[in-house]
Amino acid sequence: MLGITDFWTYVLGVVAIILLPGPNSIFVLSVGAQRGIRAGYQAAAGVFLGDAVLMILSATGVASLLSTYPPLFLVLKYAGAAYLGWVGLNIIRNAWGNWRNRAEITAAAEEPPAELQRPFRRAAVISLLNPKAILFFVSFFIQFVEPGYAHPALSFLILGAVVQFFSALYLSALIFGGRYLAGQFQQRRRLATGATTAVGALFVGFGIKLATASVG
């Protein structure tokens, strides 16, 4: 069908992969919870842009350089790991700083952490500094295009649209779920601090996992 092999297998694989927690989804959830639906969708748009760039790189064969030129993979891997770790540590620092100063901070005056500001740009950077995502597109995304099909660009466009469609559904659920959690946290400052610290720890964990990832 339009140069795509095993379309429904691809759909099931995409759904399973999207549902796995990752830095993109955790970031969108955090932004939606702390800054609202509009900012949450700004972060989601950054994810869509980052994913689109990675898919284009994979479709054009550029991403395969990570497998054939290991030093490039190492540079990108450690840059991404450092960025994720930096984001996580700063989220933790801000969470505990707000907790210590809670008597001086009102809910109306409290500013969101700097790491959750400019959500579109930060989400795009988190997406792009993720070589494992590029390797995923190289190993999974491209194998569903039929070799020799006359219009492979159309096949890649359809496969990419499937990824973005399910990603939009999932991220929308996270954004609205985040707003519900925000309402619960407003009356529970200790719980909010613990949840924000957990988010920061997840980012640090993602950074460590990326730093120890192999090109295979």
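The values are calculated or read from the model by the stated rules, or taken from the named source; none is laboratory data. A quick note: this is a predicted structure, and the numbers were derived from the prediction, not measured. Note that each Cβ is placed from the backbone with ideal geometry, even for glycine, and that neighbours are counted across all protein chains shown. Areas reflect the complete protein model, heavy atoms only, side chains present, ligands, DNA and RNA absent. Shrake-Rupley method; radii C 1.70, N 1.55, O 1.52, S 1.80 Å.
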**Item:** Residues (open to solvent by 80 Å² or more (accessible area, probe 1.4 Å) and either among the charged types (D, E, K, R) or within 12 Å of the chain's Cα centre (by Cα) (or both)) located in the range 31-48
**Value:** ARG35, ARG38
**Asked** Does the range 49-57 include one or more residues that are open to solvent by less than 50 Å² (accessible area, probe 1.4 Å), within 20 Å of LEU174 (Cβ to Cβ) and charged (D, E, K, R)?
**Response** yes
**Request:** Sort through VAL15, VAL28, VAL11 and tell me the only one that's in a helix (DSSP H, G or I), buried (at least 21 other Cβ atoms within 10 Å of the Cβ) and of a type outside the set (Gly, Ala, Ser).
**Result:** VAL28
**Message:** With the structure loaded, tell me whether GLY160 is modelled with pLDDT of 80 or more and under 19 Å from GLY13 (Cβ atoms) or whether it fails that test.
**Reply:** yes
**Message:** Every residue in the range 143-157 that is assigned to a loop (DSSP other than H, G, I, E, B) and either among the hydrophobic types (A, V, I, L, M, F, W, C) or closer than 16 Å to GLY13 by Cβ (or both), please.
**Reply:** ALA150
**Request:** Would you point out which residue out of PRO131, PRO119, PRO147 is open to solvent by less than 20 Å² (accessible area, probe 1.4 Å), modelled with pLDDT under 80 and of a type outside the set (D, E, K, R)?
**Result:** PRO131
